[in-house]
Amino acid sequence: MTLPPVSPLLNSLFNLARAKYRAEKEAWVHLSYRLSGRFNLVTAISSIQREGDLDILLRCLEDEFDANANASGTDFSFHYQMIFSETWVVGCYEILRAFQQRDREAAAAGRPTSGVSELDEFKMIFTDLELLRMPIAKYEIAKDNKLGEPLRMRRVGDADAQPVEFYDAKDPGRFHIMPKGVSSRGSAVWLALDVRTTREHWVERRELADRLLSLVKLVKGAGELEAERNAHANASGTDQ
């Protein structure tokens, strides 16, 4: 039996996703140019657009999620969806981390920053990605070096009678299994833990993607910003 090639099927998946989520695909393209322009990092354009392609494919999988599909044990759709979801989280984190680092280094050198990483919306998105990325990629709690003492932990769903375990940041054998699940609209969710505030909150992948796309409305393009500066400079020169 000759099996069909996988590549055409994979191309078809992304083509269908682009057709279904055309507006979101265009928004990712706009975001890629907007952010790469503000951070003066043209190589980030393709990276952001790749995360956009993965996002719209995930939106299709989320739309089609069936909570009862795994009853027979033969449907691995959510397993594959989770693979893509975790890959998307780590990829988006690395892009935003690179942006933030460029601004930080520019400020340290006394040079102008993009101003984008200083936005509250950017900071909140980056924080959530950071809290998710560490347990996904390294099986550790994010920023665990901020822990002054071992953290009391209990498995999700355990009764109070169950023994308390401790997470010790100084233990080389430490690990953290971040609770995860699926939201009412079929998207992957994770229980993020912020040791700096001792706060736990659920983060939905799709909502995180929507927040990223909303930056298009908040961040002005580099050209638009330069035009405003020139207009302001010209106006100041006229007043003198």
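Details
- FRET efficiency estimate (nearest 0.05) - Cβ-Cβ, R154 to L41, R0 45 angstrom: 0.60
- Helix axis angle, 22-38 relative to the chain longest principal axis, alpha carbon, degrees: 60
- Legend: calculated FRET efficiency, S214 to I83, from the Cβ-Cβ distance at R0 = 41 Å, rounded to 0.05, equals 0.95.
- All other residues whose Cβ lies under 11 angstrom from that of A27 are scored, Lys and Arg at +1 and Asp and Glu at -1, for a net of 0.
- Long-range HN-HN contacts of M153 with modeled amide H, under 5 Å: E165, F166, Y167
- Among W190, W202, the ranking by other beta carbons within 10 Å of each residue's beta carbon, starting with the fewest, stands as W202, W190.
- Pairs of lysines in the chain whose Cα atoms sit within less than 25 Å of one another amount to 17, provided the residues are eight or more positions apart or on different chains.
- What the phi angles of the range 125-138 give under the Karplus curve with 6.51, -1.76 and 1.60, with θ = phi - 60°, is a coupling list of 5, 4, 4, 5, 4, 5, 5, 7, 4, 5, x, 5, 8, 10 Hz, glycine and proline written as x.
- Local electrostatic count, E105, Cβ distance below 14 Å [Lys/Arg +1, Asp/Glu -1]: +3
- Listed residue (P172, L208, I141) projecting farthest to the positive dipole end of the range 137-217, Cβ model: L208
- Ordered by the number of other Cβ atoms lying within 10 Å of each residue's own Cβ, fewest first, L129, L57, L218 fall into the sequence L218, L57, L129.
Every number here is computed from the coordinates shown, using simple stated rules; none is lab data. Everything quoted here is computed from the prediction, not taken from an experiment. Every residue, glycine among them, receives a Cβ derived from its backbone with ideal geometry; neighbour counts consider all protein chains shown.
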